[in-house]
């Protein structure tokens, strides 16, 4: 796990449009590592370009925000998502409304 895996995560993140979210597991599947959702989280914490690589668009499988969002905490993640038009209710996002599906996945 390292540069290659992390870079794959970052490339996948760049595909998520404003106003949409994905889960850790979706990213893992999209990059061909379906059992590495937890490692996706590690990659997000090591994001070398916060504000450019949109790690705030990743939520857990239930749509809940990341309690340990690395770049300012839960409130910062919520603020960034709401600025993009994503509704956050009780710390969660409605995946049926705001979820993104990677092409071909």
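The values are calculated or read from the model by the stated rules, or taken from the named source; none is laboratory data. From a predicted model like this one, the values you see are computed outputs, not experimental measurements. With ideal geometry, Cβ positions are generated from the backbone for all residues, glycine too; neighbour counts draw on all protein chains shown.
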Legend entry - Per-region count, region 30-50, residues over 13 Å from residue 10 (Cβ atoms), surrounded by fewer than 20 Cβ atoms within 10 Å (Cβ to Cβ) and over 13 Å from the mean Cα position of the chain (by Cα): 4
Inset, instruction - Search region 82-99 for residues that are without any contact (Cβ under 8 Å) to a residue 40 or more places away in the chain and pair each with any residue that is part of a loop (DSSP other than H, G, I, E, B) and surrounded by 15 or more Cβ atoms within 10 Å (Cβ to Cβ) when their beta-carbon atoms are under 8 Å apart and the residues are at least 6 apart or on different chains. - result: 82/88; 87/93; 88/65; 91/65; 92/63; 92/65; 94/63
Legend entry - Residue satisfying all of: in region 1-29; surrounded by fewer than 16 Cβ atoms within 10 Å (Cβ to Cβ) and part of a loop (DSSP other than H, G, I, E, B); modelled with the lowest pLDDT among these: 1
Legend entry - region 51-74, residues that are assigned to a strand (DSSP E or B) and either surrounded by 17 or more Cβ atoms within 10 Å (Cβ to Cβ) or in contact with a helix residue (DSSP H, G or I) (Cβ under 8 Å, 6 or more places away or on another chain) (or both): 53, 58, 59
Inset, instruction - Kindly list the number of the only condition in (1) part of a helix (DSSP H, G or I); (2) modelled with pLDDT of 95 or more that fails for residue 77. - result: (2)
